[in-house]
Amino acid sequence: MKEGQSLPSPEADNHAPDLPPLPSLLTQPLGLEGWATLEPVLLAALASADPLLLIGPHGSAKSFLLERLAQALKLEYRFYNASLINYDDLVGIPMPDEDRKGLHYISTPSAIWETEVVFFDEINRTRPELQNKLFPVIHERRIQGIPLTRLRYRWSAMNPPPSADMADENADVYLGAEPLDPALADRFAFLIEVPAWQKLTEDEKRRVFRDQFRGAHAFSIPPAAIVEKARIRLEQLQQKPLPALEDYLLSLLGQLESHHIRLSARRATMLYRNILAVHAARMILYDTAFPDSPAGRLADWNTSALLAVRNSLPQTAQGRSPDSTLILGVHRQAWAMTRLDADNPWRQLLGIRDPLERCLQGLAMGNRINDDDASQLVLDALGAQTNTCTRVTLALAVYGTNHRKRNLQATVIETLAREIRAFLPPGPMYSVQPGTIGGQIMVSLQYTVKKVLLDKPANIRDRYAANLLRGLMKEFVNTRGGGGPEKLLAFFHKFWAQLEGASAIHDNQPTKGA
């Protein structure tokens, strides 16, 4: 067992660290700009033939892209404005059978039966009763229980739904655009946020201006050929996927859940497929642009996984897009796990969802966790505590047991000091108003403080405990914080005992490999 083992650098990979930019073989030939980084996701959706949802403001070329792609792929295409259509527009005119025991449908030019591509625009403006009828089309390629044998692609688009915490006050609010039903959102494998005009660079905007006069666009390589290559590569990857991908996803899903981002079993399996599909797409794009360099060396799995995850979360269609920084952090930690040796303690720690429990378990490992990683564990645990009493209790316990034992980072020391500076000197005893709830809490608190001081030796732990309880008197009275002084005291003793034991382990081991 190696001592001082640490979490690998998230950027470390067994592929080239500085990758050349990917070529645009599908979107730029159509005159679209800003899609270069998203093109692997689009190609992945085409190669896998899984449902695709584009989310973006009006005028961001969602419909243009999908319609032109269908034309370029030479596929029979049906466009439906989901906010306006009736069910008869999809199935045709119902007619009774000759025996009048069933119905058959007389197809119309707009009916869905013979199409190879179906595109439902404005899907989050659809009436609920019609939305339910679209489920089997999107999920199973069926309508009225009848297989749509020719249907290959199911595409949709929508404007951004309203969000409770709109970050941009100037963002457009689309009246009538609702968050997509969670069950329907979960049927889309890929959910791509379309680049808006404001996100384009100045050069990209200038090219958009000029492109409107170009007329028809020519592809350097037929799109159908690119899609077929990606499909074949995807089948190969499905037969022999990256072994560490399961470890990555198990860690990723656990961490997402700890941040209240819950995904269904269906979504978990979709994520697995999507990562393979995005990686296959990136391999083909690199192989096409750089035929002299092995595609496997350029298309790193790390980037493929992050790109797939960012464009596969159904919350994006519900006005609850996860913070991109959070997703990056969760991805990095999960990806680092795939590169750990079997005896590395981080394999155990990354499987613990609760940051507080992960911190306590990590510090209890002594020198098996180096000081820099111990510092990060402490910061993560403190940042996860929303209750003032719990956060201060943890900070004081960490400080009292570790500040002389470990060389914690300056950022951690500063954070701990900010939390506990008011609790290091003894606090005052407050007057009690008999007969009030606050008075009852204060009596209980003062009794607990006196019991700590009188019934136990006046060691450093008990002095800190007394200061902690005195300092939190007002917090207890105002918020009933931490469940009461007795519970908080037990909480503090538990933390202290675990951390003190960890310090003893750390103290008795030689420092190596920090």
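The values are calculated or read from the model by the stated rules, or taken from the named source; none is laboratory data. Nothing here was measured: the structure is a model prediction, and the numbers come from that model. Every residue, glycine as well, gets a Cβ built from its backbone with ideal geometry; the counts of neighbours run over all protein chains shown.
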Open item on the list: Quick test of your reading of the structure: Tyr77 fulfils all but one of (1) in contact with a helix residue (DSSP H, G or I) (Cβ under 7 Å, 6 or more places away or on another chain); (2) modelled with pLDDT of 90 or more; (3) under 15 Å from Glu122 (Cβ atoms). Name the failing condition by number.
Closed with: (3)
TODO: Would you check which residues across the range 17-36 are more than 26 Å from Pro179 (Cα to Cα) and in contact (Cβ under 8 Å) with a residue 40 or more places away in the chain and list them?
DONE: Leu19, Pro20, Leu22, Pro23, Leu25, Leu26, Pro29, Leu30, Gly31, Glu33
- [ ] Pull up the range 111-135, narrow it to residues that are at pLDDT 85 or above and among the acidic types (Asp, Glu), then point me to the one that is nearest to Ala72 (Cα to Cα).
- [x] Glu116
- [ ] Determine whether Ser60 is over 23 Å from the mean Cα position of the chain (by Cα) and either in a loop (DSSP other than H, G, I, E, B) or modelled with pLDDT of 85 or more (or both).
- [x] yes
- [ ] Check Ser321 against each of (1) farther than 25 Å from Ala157 by Cβ; (2) touching a strand residue (DSSP E or B) at 6+ places or on another chain (Cβ under 8 Å); (3) small (Gly, Ala, Ser) and name the one condition it does not meet.
- [x] (1)
TODO: Determine whether the range 140-153 contains at least one residue that is farther than 28 Å from Leu263 by Cα, at pLDDT 90 or above and touching a strand residue (DSSP E or B) at 6+ places or on another chain (Cβ under 9 Å).
DONE: yes
Task: Subset of the range 238-266 [outside any loop (DSSP other than H, G, I, E, B) and either crowded, with 18+ Cβ neighbours inside 10 Å or of a type in the set (Ser, Thr, Tyr) (or both)] - done: Leu245, Asp247, Tyr248, Leu249, Ser251, Leu252, Leu253, Gln255, Leu256, Ser258
TODO: Among the candidates Val398, Val309, single out the residue that is of a type in the set (A, V, I, L, M) and more than 20 Å from the chain's Cα centre (by Cα).
DONE: Val398
Task: First in the range 332-354 and in a helix (DSSP H, G or I) and of a type in the set (Phe, Trp, Tyr), second anywhere and at pLDDT 80 or above and crowded, with 17+ Cβ neighbours inside 10 Å, Cβ under 7 Å, 6 or more apart - done: Trp335/Tyr248; Trp335/Asn302; Trp335/Ala305
Open item on the list: For the range 298-321, give me the residue count where each residue is under 22 Å from Thr338 (Cα atoms) and part of a loop (DSSP other than H, G, I, E, B).
Closed with: 5
Open item on the list: Looking at the range 198-220 only, could you name the residues that are exposed (fewer than 15 other Cβ atoms within 10 Å of the Cβ) and either within 29 Å of the chain's Cα centre (by Cα) or closer than 27 Å to Ser312 by Cβ (or both)?
Closed with: Gln198, Lys199, Thr201
